[in-house]
Each structure stands twice: as structure tokens, then as C-alpha cells.
1. Being among the charged types (D, E, K, R), surrounded by 13 or more Cβ atoms within 10 Å (Cβ to Cβ) and modelled with pLDDT under 95 is true for just one of Lys26, Lys37, Lys15, Lys11. Which residue is that?
2. Tell me which residues, restricted to the range 16-29, are of a type outside the set (Gly, Ala, Ser), part of a strand (DSSP E or B) and farther than 13 Å from Phe4 by Cα.
3. With the structure loaded, tell me whether Gly63 is part of a loop (DSSP other than H, G, I, E, B), modelled with pLDDT under 60 and surrounded by 11 or more Cβ atoms within 10 Å (Cβ to Cβ) or whether it fails that test.
4. Taking the range 43-52 on its own, how many of its residues are in a strand (DSSP E or B) and buried (at least 17 other Cβ atoms within 10 Å of the Cβ)?
Amino acid sequence: MVQFETVHSIKVTGKLQRLAVNIENKEVIITFMLGGKETTRYECDIKYFNENLEILYGDSYRGERTNIRRLLENDR
């Protein structure tokens, strides 16, 4: 489960279904799908993705929270 804050400051929580990394015009773009029965596609640059995606441990929105940057820095 992950939680993502959109550019409209709306927090979306769902299971990460797919994740793709593309390079467009020399910029790293992350495309991912969140949801369960219905999935929603999101796209952002890697900096926005790192700063606005939280990983929720466990299988519910109440799980322990951390962010990508802390995981990459091995600082849970």
C-alpha cells in the first residue's frame, strides 16, 4: 500500500499495481497505477515522486508510514 499526494494536494491511498520509469526529453518520468478493482494512472517526474509518495507497511491505510527517500537512504 502507498499514499501519494497529487499536484492538487489530494492524498490518494491504494495498492501499487504497476510502475514504469521512462526518460522523456532528458527528464526521468515515473508512471504508476494505484488501486484495487479500479486502477488510476499517475505520472510525475522522479523528484516529485520521491517527495510525495509514502509507503504504508501492512495491507491497510493505517500501516506504518515511511517515504521513498528514507528507504533509499536506509533510514526507516
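1. Working: Lys26 fails: surrounded by 13 or more Cβ atoms within 10 Å (Cβ to Cβ); Lys37 fails: surrounded by 13 or more Cβ atoms within 10 Å (Cβ to Cβ); Lys11 fails: surrounded by 13 or more Cβ atoms within 10 Å (Cβ to Cβ).
It is Lys15.
2. Residues satisfying the conditions are Gln17, Arg18, Leu19, Val21, Asn22, Ile23, Glu24, Glu27, Val28, Ile29.
3. Details: part of a loop (DSSP other than H, G, I, E, B): yes; modelled with pLDDT under 60: yes; surrounded by 11 or more Cβ atoms within 10 Å (Cβ to Cβ): yes.
Here the answer is yes, as Gly63 does meet what is asked.
4. Number of matching residues: 1.
The values are calculated or read from the model by the stated rules, or taken from the named source; none is laboratory data. Everything numeric here is computed off the predicted structure, so don't read it as measured data. Positions of Cβ are generated from backbone atoms using ideal geometry, with glycine treated the same way; all protein chains shown enter the neighbour counts.
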